[in-house]
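Structure first, commentary second.
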Amino acid sequence: MKIVVGSDHGGYELKEQLKKRLIEQGHDVLDVGCGGEPVDYPDIAVALSRVVLEGEVSFGILCCGTGIGISMAANKIKGIRAALCADCYSARMAKEHNNANVIAFGGRTVGVEHAWEMVCAYMNAEHLGGIHAARVAMIDAL
């Protein structure tokens, strides 16, 4: 699976740990930044969103200090459905019900192990379609 990751400086360590685990699992990972230096999270959200919308990756993972700002910025991009996840149930539902194409985490609020469990929950889920597809279409039309 090809996955794109990105973070600001507040989410850098978490992004690096998730990236390492994804690569160890055999996934192809594209990193759009940052390298640990202070950056503006909206710029990273835009860069990652562009890659997701090109359709050559399965999904994106964004990290900032809390995950809030970077997910809000990503959700401003038409076609992006970014879900800030705090537990495995939400990560699974983000895919099953909302067909999220980006998941977000807070590097200062979520530990690596818990974030990894959420990534796995998301990756093991399938969009259920049906009424959920109609609702996703409604979101996309906004």
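The values are calculated or read from the model by the stated rules, or taken from the named source; none is laboratory data. Note that this is a predicted model, so its numbers are computed, not measured. All Cβ positions, even for glycine, are placed from backbone atoms using ideal geometry, and neighbour counts span all protein chains on display.
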Look through the range 127-142, keep the residues that are of a type outside the set (A, V, I, L, M, F, W, C) and under 14 Å from GLU96 (Cβ atoms), and return whichever of them is surrounded by the fewest Cβ atoms within 10 Å (Cβ to Cβ).
GLY130
Please work out if GLY79 is surrounded by fewer than 24 Cβ atoms within 10 Å (Cβ to Cβ), in contact with a Phe, Trp or Tyr (Cβ under 7 Å, 6 or more places away or on another chain) and over 21 Å from LEU22 (Cα atoms).
no
So ARG92 passes all but one of these: (1) crowded, with 18+ Cβ neighbours inside 10 Å; (2) over 24 Å from ILE131 (Cα atoms); (3) within 14 Å of the chain's Cα centre (by Cα). Which condition number does it fail?
(2)
Restricting the search to the range 99-126, which residues are closer than 15 Å to SER58 by Cα and among the polar types (S, T, N, Q)?
ASN99, ASN101, ASN124
Please go through the range 51-71 and give me each residue that is free of Cβ contacts under 8 Å to residues at least 12 places away in the same chain and either under 14 Å from GLY106 (Cα atoms) or of a type in the set (A, V, I, L, M, F, W, C) (or both), ordered by number.
none
For ALA74, indicate whether it is under 12 Å from the mean Cα position of the chain (by Cα) and either within 16 Å of MET123 (Cβ to Cβ) or surrounded by fewer than 18 Cβ atoms within 10 Å (Cβ to Cβ) (or both).
no
Could you figure out which of (1) under 13 Å from the mean Cα position of the chain (by Cα); (2) of a type in the set (Gly, Ala, Ser); (3) farther than 15 Å from HIS9 by Cα isn't true of ALA133?
(1)
Is the range 56-67 home to any residue that is of a type in the set (Ser, Thr, Tyr), exposed (fewer than 15 other Cβ atoms within 10 Å of the Cβ) and modelled with pLDDT of 95 or more?
yes
Do we have any residue at all in the range 33-52 that's at pLDDT 95 or above, touching a helix residue (DSSP H, G or I) at 6+ places or on another chain (Cβ under 6 Å), under 26 Å from HIS132 (Cβ atoms) and buried (at least 19 other Cβ atoms within 10 Å of the Cβ)?
yes
Which members of the range 83-92 meet the condition of being in contact (Cβ under 8 Å) with a residue 24 or more places away in the chain and of a type in the set (A, V, I, L, M, F, W, C)?
CYS85, ALA86, CYS88, ALA91
When you look at LYS2, is it within 17 Å of ILE103 (Cβ to Cβ) and loosely packed, with under 15 Cβ neighbours inside 10 Å, yes or no?
yes
Whether any residue in the range 95-113 is surrounded by 15 or more Cβ atoms within 10 Å (Cβ to Cβ), among the acidic types (Asp, Glu) and under 29 Å from ILE131 (Cβ atoms) is what I want to check.
yes
